[in-house]
1. For an R0 of 51 angstrom, estimate the FRET efficiency from the Cβ-Cβ distance between residue 405 and residue 217 and round to the nearest 0.05.
2. When a/c reaches 1.5 or more, the comparison of a/b and b/c decides; with that in mind, is region 261-477 rounded, prolate or oblate per its Cα gyration tensor?
3. Mind sorting 380, 103 by how few other Cβ atoms lie within 10 Å of their own Cβ, fewest first?
4. I want to make sure I understand the PRE zone here: with the label point 7 angstrom from the Cα of residue 235 toward its beta carbon, which residues in region 295-309 have backbone N atoms less than 19 Å away?
5. Would you mind calculating the gained length between residue 340 and residue 226 on full extension (0.36 nm times residue separation, minus the Cα-Cα distance), in nm to one decimal?
6. To the nearest 10 degrees, how steep is helix 51-63 against the longest Cα principal axis of the chain, on a 0 to 90 scale?
7. Arrange 98, 122 by Cβ neighbour counts within 10 Å, fewest through most, would you?
8. Given R₀ = 35 Å, what would the calculated FRET efficiency be for residue 308 paired with residue 116, taking r from the Cβ atoms and rounding to 0.05?
């Protein structure tokens, strides 16, 4: 129900590109200027984005099958009405053209305040009287709350009029925009977009425990619930994010404020240096330092994901975490190249590992760990160039990985899918189209239609000052 409400909020007005009432620039311009500082989470939708965002959204939706109902109809019909009908739910009988379209303004937001489970809406409007009538009809069919109060060009919708009035008064005295945590977090996103969001950890954890969120998590596969548990256990304060289109590709930027001190990233790992034919890649810079400072947490996360670290270390005669730190070194990457024959599992793809040791660790130290681990007996062959060691089951491939001038940075699919900047502390890239049935078979049923429709996905992350972590994720349509 919450998901449907959010979708309705974002789509009800469609992509309006005019402002006949001249409301912009008067009074508050966002939910954060209307809602009180006691707001614990807010998701705000821009239903009147700039024309470039509109064009890029339309183009992307037209290429991705699960989104094609959102693409502009070929006959020039009203996309906004089509979208409204697809998300109106209990209010499907409300006439969009006369009851919603005339009054809906640019910004629509859904929030939680004072830690309550009750949803509070803010809606920017063009015509207050028309909006009151329209909102009353939407409330009567259960899409929005009954309570209404007015603040300049915004309606605040809450469980009753008294609550809505109180929130307006509190927001006027101390708005969310002036709350230190909100201002600090959202300053880091520093971009406009189709969707912007902010939440405290407490509110997100509470949301994750609802039956709707739990059901969704379980539909995303066996790993998703474990990752949610890790998010609940992690020591962080709040986070913010923005979804926008860049170069025709949707990109999410997420910033999270940790309560635990960490150093800002100083060295960078570039997945772009992997071989150009890589269909799957992962990399981490300063992995040895990360492991040294957070080994108990890493071991705990791996255990939750089903990895028995002590048993794995024993089987390969490794000392953990010392030997693992040495192998990770300054720059560690894993890449998978296309198989010469059809395969159905990632494990069947040719895999290459690259390790660059720090000055305090020679390549000899890394190679000695490889030798005692017994992986050479399983067919893994090392190759060295200067301070870099590469491993592959194909000796020629190992050497090629080190010497090739054909890198991912030259690949158009990678350049489109991997978020800028191309260098970060941690990076992941998957060419879903090239992986074919491997990617589809690995996806949970809920995500299979998306995996079949998307071309590639890329993500990277790095630490910044003041204990912030920044992540970017981007996807491309299938070409």
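1. 0.70
2. rounded
3. Ordered by Cβ neighbours within 10 Å, fewest first: 380, 103.
4. Only 295-302 fall inside the zone, counting backbone N under 19 Å.
5. Numbers: separation 114, 0.36 × 114 = 41.04 nm, distance 3.46 nm.
Gain on stretching residue 340 to residue 226: 37.6 nm.
6. Orientation of helix 51-63: about 60 degrees from the principal axis.
7. On the way: 98 10, 122 28.
The order, fewest Cβ neighbours first, is 98, 122.
8. 0.25
Throughout, read-outs are computed from the coordinates displayed, never taken from laboratory work. Source: prediction; values computed, not measured. All Cβ positions, glycine included, derive from the backbone under ideal geometry; neighbour counts span all protein chains shown.
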